[in-house]
Amino acid sequence: MKKTVGWAQDGDDWTITVNGTQYRAVERPSDGRVNNYLVRGDDLSAECPSLGHGLGAIREYESRR
């Protein structure tokens, strides 16, 4: 099945849409040095060290659906 993906940035946060399912990646300051992203959508909730890792979490979640 082909996946359709859309992106929208709102400040430091992102909305990622995959086949109509919206995910939010919200930047969260952690220890003052590194920002983590909290990725949520559908039944997925993941704390990720970067936006790239967040996209990987979404991809893995979508592959299991």
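Would you be able to tell me the number of residues in the stretch 1-23 that are open to solvent by 50 Å² or more (accessible area, probe 1.4 Å), within 20 Å of Arg64 (Cβ to Cβ) and at pLDDT 90 or above?
Of the residues in that region, 1 qualify.
Pairs, please: C-beta under 7 Å, at least 6 apart or cross-chain, first residue hydroxyl-bearing (Ser, Thr, Tyr) and in the stretch 2-19, second open to solvent by less than 60 Å² (accessible area, probe 1.4 Å)?
These pairs meet every condition: Thr4/Asn19; Thr15/Ala8; Thr17/Gly6.
For the stretch 29-65, what are the residues that are open to solvent by less than 40 Å² (accessible area, probe 1.4 Å) and at positive phi?
Selection gives Gly41 alone.
With respect to Val26, is the statement that it is within 13 Å of the chain's Cα centre (by Cα), among the β-branched types (Val, Ile, Thr), surrounded by 11 or more Cβ atoms within 10 Å (Cβ to Cβ) and at pLDDT below 90 true? Working first, answer last.
Values: within 13 Å of the chain's Cα centre (by Cα): yes; among the β-branched types (Val, Ile, Thr): yes; surrounded by 11 or more Cβ atoms within 10 Å (Cβ to Cβ): yes; at pLDDT below 90: no.
When the stated conditions are applied, Val26 does not pass them.
List the pairs whose first member sits in the stretch 40-52 and is within 16 Å of Thr15 (Cβ to Cβ) and at pLDDT 90 or above, whose second member is open to solvent by 90 Å² or more (accessible area, probe 1.4 Å) and part of a strand (DSSP E or B), and whose Cβ atoms are under 6 Å apart, counting only residues at least 6 apart or on separate chains?
Gly41/Gln22
The values are calculated or read from the model by the stated rules, or taken from the named source; none is laboratory data. This one's a predicted model, so the numbers in the text were calculated from it and none came from an experiment. Cβ sites come from the backbone with ideal geometry, for glycine too, and all protein chains shown count toward neighbours. These accessible areas exclude ligands, DNA and RNA; they are computed on the full protein's heavy atoms, side chains included. Shrake-Rupley method; radii C 1.70, N 1.55, O 1.52, S 1.80 Å.
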